[in-house]
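Beneath this line is the structure, given in structure tokens, with notes to follow.
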Amino acid sequence: MEAPGRLCAEPGCAEPGEFRAPLLGDRRPSDHPPEYRWLCLDHVRAFNAGYNFFSGMSPDEIHAAQRPLAGWERETRAFSATGGVDRPPRWADFSDPLDAIGARWRQAMPAERKDGKPLSGKDRDALRTLELEVDADRMALRRRYSELVRKYHPDRNGGDRSHEGALQRVIEAYQQLKASPAFA
């Protein structure tokens, strides 16, 4: 029971209203949540039996809605050529006057190095794993990798294999950065 203590919204019904049903004729914009009413089982069944998606549509509109590919002809933001830059999402209107969120994001790690070479998200994660700065060069990368391998390798720790997970992460991070265009 989703709504304890609620009565059915149908006039004259004293049964508990356990099931949500949308208000009929609710034509609110899609960015607003729909309004619901609570119905008992018998009335929600009657509502579902009488619900007609196509009510108020012309025959041409019904035909267009029933096409097999209806709704798929629009390009989604994720797959658009511009990545949705020309159509920002509604939450882009959010105001951050103190730059609290943006500053924290930029502080986490810059998107590119001082030499202008871009860093991917995996590159930034790998740099964090190796505890390196964004502008580290190949020599610093190799030096830090050697230090961490010596630190975590079981042969250097008397056969202690408790650091194998850390060693594996260090190796994966080094392989990622070694192949990255930022360190070419």
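The values are calculated or read from the model by the stated rules, or taken from the named source; none is laboratory data. Model, not experiment: these values are computed from the prediction. Cβ placement follows ideal geometry from the backbone for every residue including glycine, while neighbour counts extend to all protein chains displayed. Surface areas here come from the heavy atoms of the whole protein model, side chains and all, with no ligands, DNA or RNA. Shrake-Rupley method; radii C 1.70, N 1.55, O 1.52, S 1.80 Å.
Could you grab me the full set of residues in the range 6-24 that are over 16 Å from Gly50 (Cβ atoms) and part of a strand (DSSP E or B)? Hits for the range 6-24 are Leu7, Pro16, Arg20.
For the range 146-163, a residue qualifies if it is touching a residue at least 12 places away in the same chain (Cβ under 8 Å) and open to solvent by 50 Å² or more (accessible area, probe 1.4 Å), and the qualifying residues are Lys151, His153, His163. Of everything listed in (1) part of a helix (DSSP H, G or I); (2) among the β-branched types (Val, Ile, Thr); (3) at pLDDT 75 or above, the single unmet condition for Ile101 is (3).
With respect to Arg143, determine if the residue is open to solvent by 50 Å² or more (accessible area, probe 1.4 Å), in a helix (DSSP H, G or I) and modelled with pLDDT of 90 or more. So Arg143 fits the description; yes. Considering only residues in the range 109-140 that are at pLDDT 90 or above and small (Gly, Ala, Ser), the one that is most open to solvent (accessible area, probe 1.4 Å) turns out to be Ala140.
Among the residues examined, Ala65 does not qualify as of a type in the set (A, V, I, L, M), open to solvent by less than 80 Å² (accessible area, probe 1.4 Å), modelled with pLDDT of 70 or more and assigned to a loop (DSSP other than H, G, I, E, B).
From the list Glu35, Glu15, Glu73, which residue is open to solvent by 50 Å² or more (accessible area, probe 1.4 Å) and modelled with pLDDT of 90 or more? Residue meeting the stated conditions: Glu15. Checked across the range 164-171, the condition of being open to solvent by less than 30 Å² (accessible area, probe 1.4 Å), at pLDDT 90 or above and not hydrophobic (A, V, I, L, M, F, W, C) holds for no residue.
Of the residues making up the range 119-169, just one is of a type in the set (Val, Ile, Thr) and closer than 19 Å to Ala184 by Cα, namely Val134.
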